[in-house]
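Read the structure below first, then the notes.
The values are calculated or read from the model by the stated rules, or taken from the named source; none is laboratory data. This is a predicted model, so every value here is computed, not measured. Glycine also receives a Cβ, built like all others from the backbone with ideal geometry; neighbour counts cover every protein chain displayed.
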Amino acid sequence: MQWKRGRWLIAAAACILVGLAPQSVAAASKTETTDFEVQPVLPDAQANMKLNYFDLVYPKDTKHTIQMRVQNISDKNITVKSDLRNAYTQDGGGIDFTPSTKNLDRSLKTPFTTVATLDKGGATIQLAPKQMKVISATIKMPKQRYDGMIYGDWHFIEHVDKGESGGNAVGSNYAYSVGVVLRGQNYEVFPNVKYDETNPILFQKHPALGVTLRNVEPMAISKANVSVAVGMDGGDVKTYKADNFMIAPNSKMVFPVSWSYESMKPGTYHIKVTLKGLNTQNRFPMSWTFKKTMKVSNVQAKSINERAIKKPVNHWLYATIGTGVLLLASLGGLLWTFKLRPR
């Protein structure tokens, strides 16, 4: 695959999470331009050479090498950091990645970082102006047969010395995420979403009920939509909705239904969740509906409400109202004076 020094990758980044693939090469930045670009070197085991991420078919109990081209497109020396990360579903929906294996769903038997490791020189990449390097990672496939997918990414970010960035460890904040899918011996697996639990939580410092679902199968869900409704008998119904996001294989997700600045009341709540999406491997539409009941105790409600942020008081509003009242009183006094004067 020919190395292109152009800006094609930035255009590719616009295609992130369109639902056609688990994860494309994705770029994220602020207003500044990037100093480097990356490109996957797709091996013969690539399932589809038209993709710009790794979608690999390897036999079990085998060892392989995957590679990335990293090029400095600037006129200065730069340092690029890279690491391998595991896919998970973040709260509210949407796939994110973490290098840690902690707090991943208990149904995930083989995290990506347990079978993939960076080769020497892959974690820190020193590049002279316009220089390009090829770095490698080793994939050791599980000894036992597995189905579906193992999903992670290869992450790159430019590192800037503290002295050059005014105290910040990372200067440009421009990063690339290259998805890596390792297909199992049986790739035709269907996602399976289950209701887990609902608990009182703080969401953005507001009282909320966190409704937890789990995708317990090794297959991602694309173009997902969720609608969550929570309410008490005869009370207001509070909702949470999200559209067009992805759900990682073998992952849990918490959908927060917020009370905003209201206090949460103890009592029995009725919960209805509707989740729809596409099976990533065959685009087959799937849907799940859950109807549950849960109780919030007096202790739970009090704890959440005490720790929640309070609605800010608009002192300027009171000052404005006070000024307005005084102004009206003054005008009234003037009018009354004019009325009592002899004509």
In the range 155-196, which residue that is at pLDDT 70 or above and of a type in the set (Asp, Glu) is farthest from Gly277 (Cα to Cα)?
Asp161
In the range 91-122, which residue that is surrounded by fewer than 16 Cβ atoms within 10 Å (Cβ to Cβ) and polar (S, T, N, Q) is farthest from Asn215 (Cα to Cα)?
Thr117
If only one of Asp147, Asp153, Asp119 is touching a Gly at 6+ places or on another chain (Cβ under 6 Å), within 20 Å of Val38 (Cβ to Cβ) and either touching a residue at least 40 places away in the same chain (Cβ under 8 Å) or of a type in the set (D, E, K, R) (or both), which one is it?
Asp153
Under 6 Å by Cβ, and 6 or more places apart or on different chains, what pairs join a residue from the range 236-256 that is farther than 28 Å from Thr110 by Cβ with one that is among the charged types (D, E, K, R)?
Asn244/Lys223
Subset of the range 226-258 [over 21 Å from Arg283 (Cα atoms) and either at pLDDT below 95 or aromatic (Phe, Trp, Tyr) (or both)]:
Asp233, Gly234, Gly235, Asp236, Tyr240, Phe255
Every residue from the range 38-74 that is within 11 Å of Leu182 (Cβ to Cβ) and in contact with a Lys or Arg (Cβ under 6 Å, 6 or more places away or on another chain)
Val57, Lys60
